[in-house]
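The values are calculated or read from the model by the stated rules, or taken from the named source; none is laboratory data. A quick note: this is a predicted structure, and the numbers were derived from the prediction, not measured. Don't worry about glycine lacking a Cβ; one is built from the backbone with ideal geometry, like all the others, and counts go over all protein chains shown. Accessible surface areas use protein heavy atoms only, side chains included; no ligands, DNA or RNA. Shrake-Rupley method; radii C 1.70, N 1.55, O 1.52, S 1.80 Å.
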Amino acid sequence: MSSATENYDPTAKDLKPDTQQFEVIDPDHEEPLKPHDEVDRHLAVQCPDSIKDLSFEGLQVLDKKITKKIDILMMPVLMALYILNYLDRQNISSAKIAGITDDLNMTTSQYNTAVAVLFAGYVSLQIPSNMLIAKISYPGIYICVMCGIWGAISASTGAVHSFAGLAVCRTILGLAEAAFLPGAIFLVSCFYTKSQMALRSALFYAGSQLGNAFGGLFALAILELDGAHGIEGWRGVMTVGSAAIFATFIPNTPETVRWVTPQERDRLVYRLQMDRSSKDATDEVTVGAAFKMAVTDPKTWLLCAVLQLDFIAASVTNFRPVVVNGLGFNRTITLAITCPPYLICCFVIVINGWHSDKKNERTLHVIIPICFVVIGNIIAVSTTDTAARYVAMCLLPSGFYSASTVILSWISSSMTGPAIKRAIVYALINALCNTPNIWTSYLYYDSPRYVTAFAVDLAAAVGAIFMAAFTYRYLRNQNRKIERCEDMGKHGPTSLQIETGFKYQL
């Protein structure tokens, strides 16, 4: 097969009816061997009648049409909501530059607490939310409803007049935002195959980078008009209105997605099932059983460690306007020059995600970007020179966000079992990996050098490289066990999946 079709999502084995999928051909015999009788086939994938007679070329055309429609319906919505999510979450950093600490008579410690409490709420509800989202029929609408709720809370934040009021609003805002990121990533994984996930994760994360890029400029405009307390109100209104519109057309499940033909829907469901070599068994397991499957799978903790260390290295994003302000510019210039590093980051993460899918490779697309995080932190911790520090601020987001998008797609391809297990793993990992946002906020105290903060970020980046390499070695050994027909245990692929060619992405 040519390289163009080799990187293409459908494989040759999923193009014909089911008899081809599960027959084992012995080269010394003309007749196919019968499958092993002990293999449980109740989740075996059945080829829909509507696509049985299509040629390989016809299926390629159909797949491109389906992917284009899902891209149009889903990715702009999630990108826009992620932009609004970051605008709502990061407004406190811009508000500090505008003087909110003086307006509310807050100390530095109180300001750091106001930053941290959002993530306390954000972390606590992610797992319950994703347990729910995997079981309900309208996960897309659920995400939009929760976005509207956080928008309303954000709008009310502008009315606070004390540190206590700000802390309470930030905590509730974190609780409302808990549904979005793990829920959105899970929703993407329900519509795209393993070989499509890195690019879509990158496009999704590009929304956050656009929020980071223009959040400062947007804050500057509002500050000039309404002052520090106007930021939350304007952003909250935009979030509520956008969420209401998006809820009318966002896809919910592959089986019920609108705006596609019945044949396209059949093909979408079929290729997703073939990508995982099995039908989904979410309806056959309880939430408690799925949670146990998630927390006892070694792959959960390996990938969690990689992302956790990457997110520790990324903690500087919550204080970027403050760190850049330490370069000595006035408020207007400080907010304006936070924009270019994130615009660069948008291009880098999309290119890295696209290339990772094209090569069907994950490890190097995690390690190489983190190497640039190491370089950026070395520069940042070594000098306060304006030009050098700004170069470091340009390197850092491109490095850790490029790595994190690929790690998220790596999680999807590494989790065997029902979709609800994957949903819980996403929420569990994302919840744990956001805990550094709670304690790293207290590292940024020794302005303008921030030696402690950048030293911790540097150590975490080096650790992430080693953990990614270790995870690669573990998954490679799992693939070798599959090739040797060894028992893969309860956390590995089933006999049915192995029979149809399942392998872990490396």
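When both region 484-506 and region 143-176 are represented by their alpha-carbon centers, they are found 45 Å apart. Here each label is just a point 7 Å from Cα along the line to Cβ, and for Phe347 and Tyr442 those points are 4.1 nm apart.
Summary value for region 373-485: 33 percent relative contact order, contacts being C-alpha pairs under 8 angstrom separated by 6+ residues.
Structure shown: which of Lys69/Lys279; Lys69/Lys292; Lys65/Lys292 lie over 32 Å apart, alpha-carbon to alpha-carbon? Exceeds cut-off: Lys69/Lys292; Lys65/Lys292.
Overall size of region 281-505 from C-alpha positions, given as principal axis extents largest first: 63, 35, 25 Å.
Packing order of peptides 303-316, 278-291, 455-468, highest average first: 303-316, 455-468, 278-291 (average count of other Cβ atoms within 10 Å over each peptide's residues).
Loop-located chymotrypsin sites (Phe, Trp or Tyr not before Pro) in region 233-285 (DSSP state not H, G, I, E or B) with no more than 16 neighbouring Cβ atoms inside 10 Å: Phe249, Trp259. With a Förster radius of 41 Å applied to the beta-carbon distance between His161 and Lys65, the computed FRET efficiency rounds to 0.15. For the pair Lys481 and Leu54, the difference between a 0.36 nm per residue extended length and the Cα-Cα distance amounts to 150.2 nm. Estimated from the Cβ-Cβ distance and a Förster radius of 45 angstrom, the FRET efficiency linking Ala469 and Phe249 is about 0.60. Amide H contacts of Arg276: none lie under 5 Å away among residues 5 or more positions distant or on a separate chain (H built 1.01 Å from N in the peptide plane; Pro and chain starts excluded). The length gained by stretching the chain between Thr296 and Lys503 to full extension, at 0.36 nm per residue less their Cα-Cα distance, is 72.5 nm.
Computing FRET efficiency as 1/(1 + (r/R0)^6) for Lys359 and Ser382, where r is the C-beta to C-beta distance and R0 is 22 Å, gives about 0.05. The share of accessible area on region 281-505 that comes from carbon and sulfur is 67 percent, using a 1.4 angstrom probe. Applying a DSSP loop filter and a limit of 13 other Cβ atoms within 10 Å to the trypsin sites (Lys or Arg not before Pro) in region 407-506 leaves Arg484, Lys490.
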